[in-house]
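Report on the structure given below.
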């Protein structure tokens, strides 16, 4: 998955510290070392025969805290606005420990699915919770992390969707946004931690907060801007009624178009919207499973790809997907596009397995405005994953093992290397005892349900 999307059978990758030094045919390793006197034989050699090695998968949109409330709104079949109203009171029960523990659990699940870079959108901060709490979990696990300081300022009393009890003042939001940028943001190449500013949605923040967040972010290098946009028809109606504009035009009016912006969902853009996104080099994060389970619709992925939109994938929140499987999300994106979308016929060749894998890697890097991750090429970050294809799930898939990663049952990562460090080995997380983590997480989740009167 380099710029030419080469596929190398019997290939090898040599890493040097936190970067990739060489990619090629295993038979050429000795010749490469001889031609590079400063190179040394690697200190550690991993035999990955029976595997496919890919760049680390990039998850461009998530709400890690939502592992605490899985299946509550999705089981009954609620659509987005009703789903949110059902869950806001539950999320108001969170505290700092809930944010930290849920983040660690969800990140573990993502790492085991092949994700090496994760962008998260935390937009509620009740009971002393801060963005710092999930950052601590990410740093402990060694995942490459884009933490976005989300916000909600438009409560029900001001015409917004969330209850007043879970919103903040805009003064407090902007002050804390500046704090997290100054405390955590690393704009350097190969950065393991970048900050973004992420007002939640058009129906939960004011136009002023959107505009001031954009100006604050652009006062600092490589601070991204992120929000939900064009997710549902209900949002379309809301924007027309409140702002007199459809979502993309509204975003443009508050200075939210540009290469530093990536939008989550983008299920309902018009043809003109798609070309505007491409011309302004905005990123879009497609969340197939969430869009399906909340009945939001089918995003016109093929049209966005063909227009040149910087398009990546995300699993979205663990309460609007109920799973954190990045390879599985690539499979879902492939399958959903083959079904089609309103006005377009079903076509099995609309998005290939390789197209979906490109979205999960190179596409995700472009979406996050990063040129140092997303492909296996010399000079890129040493982020790579290996999936075994010699087990029962792939038996008989000799003809096209690359496509089989998605056409067959998505597997667990056998190996994951992030920034040159082994994070997943033999399908497990070294140094992470999942049993106590799951038990503590479930205890917190049950307490929240009890406090909300649902258990």
**OP:** Have a look at the chain and give its Rg and Dmax from the Cα atoms, expressed in angstrom.
**Re:** 21.4, 71
Original post:
Hey, how many Å between the Cα centroid of the range 118-177 and the Cα centroid of the range 34-110?
Top reply: 17 Å
Original post:
How many Å³ per residue does the convex hull of the Cα positions in the range 1-128 occupy?
Top reply: 178 Å³
Original post:
What shape does the range 352-444 have by the C-alpha gyration tensor, where a ≥ b ≥ c are the square roots of the eigenvalues, rounded means a/c under 1.5, and otherwise prolate means a/b greater than b/c and oblate the rest?
Top reply: oblate
Original post:
Restricting the count to DSSP beta bridges whose residues both fall in the chain, what percent are antiparallel, rounded to a multiple of 5?
Top reply: 40 percent
Subject >> Nearest-ten-degree value, helix 131-141 long axis tilted from longest Cα axis of the chain >> reply: 20 degrees
Original post:
By how many nm would the segment from residue 49 to residue 451 grow when fully extended, if each residue of separation counts as 0.36 nm and the alpha-carbon distance is taken off?
Top reply: 139.6 nm
**OP:** In vacuum, with every alpha carbon of the range 213-371 counted as one equal point scatterer, what does the Debye formula give for log10 I(q)/I(0) at q = 0.09, 0.12, 0.21 Å⁻¹? Two decimals, please.
**Re:** -0.27, -0.49, -1.48
Subject >> Taking the chain and dividing mean pair separation by its residue count, relative contact order in percent (alpha carbons under 8 Å, at least six apart) >> reply: 22 percent
Subject >> Zero-based 10 Å bins, Cα pair distances in the range 140-192, whole percents >> reply: 21, 37, 26, 15, 2
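How would 426, 400, 322, 316 line up from fewest to most surrounding beta-carbon atoms within 10 angstrom?
Values: 426 8, 400 11, 322 20, 316 31.
In order of increasing Cβ crowding within 10 Å: 426, 400, 322, 316.
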Subject >> Rounded to 10°, Cα long-axis angle of helix 326-339 versus longest principal axis of the chain >> reply: 70 degrees
Original post:
How do 262, 22, 83, 91 line up, fewest other C-beta atoms within 10 Å first?
Top reply: 22, 83, 91, 262
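Would you mind classifying the range 240-327 by shape? Square roots of the alpha carbon gyration tensor eigenvalues, ordered a ≥ b ≥ c; an a/c under 1.5 is rounded, otherwise it is prolate if a/b is larger than b/c and oblate if not. Mind dumping the intermediate values first?
Details: a/c = 1.86, a/b = 1.44, b/c = 1.29.
Because a/c hits 1.5 or more and a/b exceeds b/c, the range 240-327 counts as prolate.
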Original post:
How many nm separate the modelled label positions at residue 303 and residue 4, each set 7 Å beyond the Cα in the direction of the Cβ?
Top reply: 3.5 nm
Subject >> Pair residue 339, residue 158: separation of 7 Å Cα→Cβ label points (nm) >> reply: 3.7 nm
Subject >> Between 0 and 90°, nearest 10: helix 170-184 axis offset from the chain longest Cα axis >> reply: 20 degrees
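Which order do the peptides 156-165, 93-102, 381-390 come out in when sorted by mean C-beta neighbours inside 10 angstrom, highest first? Each step should come with its number before you reach the end.
On the way: 156-165: 14.9, 93-102: 21.1, 381-390: 23.5.
My ranking of the peptides, most packed first, is 381-390, 93-102, 156-165.
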Original post:
Which FRET efficiency value, to the nearest 0.05, do you get for residue 136 and residue 438 by plugging their Cβ-Cβ distance into 1/(1 + (r/R0)^6) with R0 = 22 Å?
Top reply: 0.75
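Every read-out reported here was derived from the displayed coordinates using simple, explicitly stated rules and does not represent laboratory data. Given the structure is predicted, the values throughout are model-derived calculations rather than measurements. Note that we place each Cβ from the backbone using ideal geometry, even for glycine, and neighbour counts take in every protein chain shown.
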